[in-house]
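Nothing in this text is a laboratory measurement; each read-out follows from the coordinates by a stated rule. Note that the coordinates shown come from a computational prediction; the quantities given were computed from them, not determined experimentally. Here the Cβ positions follow ideal geometry from the backbone for every residue, glycine too, while neighbour counts run over all protein chains shown.
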Amino acid sequence: MPLIETQNLTHVFPDGTVAIENINLKIYAGEFVIIAGANGSGKTVLARHLNGLLQPTKGQVLIEGQPICKNIVNARKKVGLVFQDPDRQFVGQTVAEDVAFGPENLNLPPTQVETVVKASLEVVGLSPFSRQNPHVLSGGQKRKLAIAGILAMKPKIIIFDEPFTGLDYPGVVQVLQQILHLHAMGHTILLITHELEKVLAHADRLVIIYKGHLVEDGKPEAVVYRSERYGVRMPLRKGEEVKEMSWLK
Amino acid sequence: MAEITFFHYIHRDTVLHRMDGRLKLVCMLLISLSASFAPALHHYLLLFSLLLIALRTAKLPWTALFKELKFFGFIILLVISINAYTIPGDPISYLPLPGLSRQGVVTGLRFAGRLINILLVCVVVTGTTSIRTFGNVIEWFLRPVPFVPETRIATMVSLTFVLIPVLFDQFAEMMTAQKARCIELRKNPIKRLYFAVFPFLEQTLRRTDQIVEAMEARGYSELRTRAVFKSNKCDWLILALCLLVFLYVILS
């Protein structure tokens with residue numbers, strides 16, 4: 001059974017703009033899937049549906065076979081969403097407080113909240129910064145904090161919306177290592193990006209969205225050669241293999 | 001973001017930071033009431049000195065804080081001017097400004113003093129109390145009140161405190177960006193106000209929307225983990241001091 005499934009998922013904005021149309025997608029446990037597409041193709045709208053932040057105009061989203069609308073809290077617990085701009089999602093005044101926000105929403109006992117916060121900060125390597133103001137962290141650290149905030153809710157699947165935007169080279173490497181570490185720990189990863197060169201080497205699947213439609217879905221080495229016709233830069237140089245493209249060398 | 005310290009929580013290990021949030025809120029109320037009803041200049045000075053000591057004890061960066069008070073300079077000047085020109089009284093002969101009254105200036109200064117003291121109370125409290133503690137305290141005080149959604153109110157207050165420093169930062173950034181494009185060359189104050197207010201309002205609404213979305217994504221619920229409070233002798237001593245100041249100001 002897929003962990004997440006969308007069935008004819010369609011979202012039309014109140015002004016009539018069709019953001020996504022008839023998206024059928026299945027994500028299985030343990031996969032590392034990249035969703036690529038040009039700006040405005042509907043990638044972020046799709047991600048927000050998977051976490052229950054948006055309600056479909058038509059179709060539905062199933063998590064472990066259950067429609068998301070039947071238990072929205074369960075959806076948010078199982079599907080963690082790391083936003084594109086971490087600065088805008090911090091609700092705590094210290095790193096630890098921000099991470100605690102999710103487990104407190106789940107009404108966990110205070111001692112358990114503390115344990116979960118410590119463990120999550122440990123995983124992303126931010127324990128020494130637990131008393132810092134989130135806004136003074138570096139770009140890479142902010143992304144890690146956003147990840148810790150999601151990890152504290154113990155999700156099965158983590159969606160990263162453009163996780164490399166605005167990061168310098170060390171920042172990209174830091175975040176990429178973190179994502180791969182989470183994948184190795186057993187989390188299912190869904191990563192939204194148009195910068196395939198940074199991450200494609202590590203993915204199991206590449207999905208391309210074009211003007212709100214799912215147009216490609218398959219192994220990265222099979223799909224990537226057609227990416228440019230959908231407005232996504234083909235990252236491979238002549239003779240280069242997908243697996244040779246990693247930024248972690 | 002890190003440059004502005006006003007209304008930001010600044011983590012330090014001090015008596016005021018460790019103080020029981022419930023008692024701190026009571027102290028804040030007592031000092032704010034004292035500042036609002038203080039009848040004479042020496043009361044203002046007493047409260048001002050007390051707040052300076054609090055700033056020092058909390059190890060808050062007061063030089064930076066006082067520099068940032070300039071954001072309120074305009075409001076303070078406006079308060080003094082309106083009072084000075086609208087309250088009738090004896091003219092001030094040695095000042096070359098016609099229409100000013102001595103009583104008006106005194107009343108204006110008194111209002112300005114109140115405003116500065118209340119601002120400092122807010123700076124001390126926001127600088128030493130994290131939003132989470134603040135929200136938990138409000139929730140604790142409201143819990144016994146029937147028909148009051150204490151968690152929702154606490155969240156609203158907490159979010160306001162999250163947003164205030166962020167909006168200050170954003171406003172400062174926006175003004176700097178406008179200066180970089182020579183906004184000073186525009187002499188029409190209404191036009192300048194227009195360029196400041198409308199983008200700011202739009203940004204505020206957008207920012208609010210983003211925070212709400214981020215909270216939703218992390219499963220915001222009113223059935224949340226409840227905080228456990230602890231108070232010690234030192235906290236009660238601070239409360240007793242504030243109570244004494246309050247009684248002295250109100251009864252004199």
Residues being surrounded by fewer than 19 Cβ atoms within 10 Å (Cβ to Cβ) and among the basic types (Lys, Arg) - total across segment A:144-171:
2
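State yes or no: is B:Arg206 loosely packed, with under 13 Cβ neighbours inside 10 Å, of a type outside the set (A, V, I, L, M), within 10 Å of another protein chain (Cβ to nearest Cβ) and under 30 Å from B:Leu69 (Cα atoms)?
Numbers: loosely packed, with under 13 Cβ neighbours inside 10 Å: yes; of a type outside the set (A, V, I, L, M): yes; within 10 Å of another protein chain (Cβ to nearest Cβ): yes; under 30 Å from B:Leu69 (Cα atoms): yes.
Here the answer is yes, as B:Arg206 does meet what is asked.
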Would you confirm whether or not segment B:90-101 contains a residue that is part of a helix (DSSP H, G or I), surrounded by fewer than 16 Cβ atoms within 10 Å (Cβ to Cβ) and aromatic (Phe, Trp, Tyr)?
no
Complete set of residues in segment A:123-143 that are of a type in the set (D, E, K, R) and surrounded by 20 or more Cβ atoms within 10 Å (Cβ to Cβ)
A:Lys142, A:Arg143
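Kindly evaluate B:Gly108 against the criterion of being farther than 30 Å from B:Asp235 by Cα and small (Gly, Ala, Ser). Don't jump to the end; show me each part of the working.
Details: farther than 30 Å from B:Asp235 by Cα: yes; small (Gly, Ala, Ser): yes.
In short, yes.
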Within segment A:145-181, residues more than 13 Å from A:Glu195 (Cβ to Cβ) and not in a helix (DSSP H, G or I) come out as A:Ala152, A:Met153, A:Lys154, A:Pro155, A:Lys156, A:Ile157, A:Ile158, A:Ile159, A:Asp168
Among helices (runs of 4 or more DSSP H) entirely inside segment A:16-106, those with 1 or more residues being away from chain B (no Cβ under 14 Å) and not hydrophobic (A, V, I, L, M, F, W, C) are A:43-50
Quick check on segment B:138-145. Is at least one of its residues assigned to a helix (DSSP H, G or I) and crowded, with 20+ Cβ neighbours inside 10 Å?
yes
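Determine whether segment A:226-240 contains at least one residue that is without any contact (Cβ under 8 Å) to a residue 60 or more places away in the chain, over 26 Å from A:Pro86 (Cβ atoms), of a type in the set (Phe, Trp, Tyr) and in a helix (DSSP H, G or I). Step through it out loud before you land on a result.
Start the filter on segment A:226-240 by keeping residues that are without any contact (Cβ under 8 Å) to a residue 60 or more places away in the chain, which leaves A:226, A:228-229, A:233-240.
Going one step further and asking which of them are over 26 Å from A:Pro86 (Cβ atoms), we end up with A:226, A:228-229, A:234, A:236-240.
Filter again for of a type in the set (Phe, Trp, Tyr), leaving none.
No, because not a single residue in segment A:226-240 is without any contact (Cβ under 8 Å) to a residue 60 or more places away in the chain, over 26 Å from A:Pro86 (Cβ atoms), of a type in the set (Phe, Trp, Tyr) and in a helix (DSSP H, G or I).
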If B:Pro61 satisfies all but one of (1) away from chain A (no Cβ under 14 Å); (2) under 17 Å from the mean Cα position of the chain (by Cα); (3) surrounded by fewer than 19 Cβ atoms within 10 Å (Cβ to Cβ); (4) within 30 Å of B:Thr133 (Cβ to Cβ), what's the number of the condition it fails?
(1)
Which one of the conditions (1) surrounded by 16 or more Cβ atoms within 10 Å (Cβ to Cβ); (2) hydroxyl-bearing (Ser, Thr, Tyr); (3) under 27 Å from A:Val136 (Cα atoms) does B:Thr151 fail to meet, given that it meets all the rest?
(3)
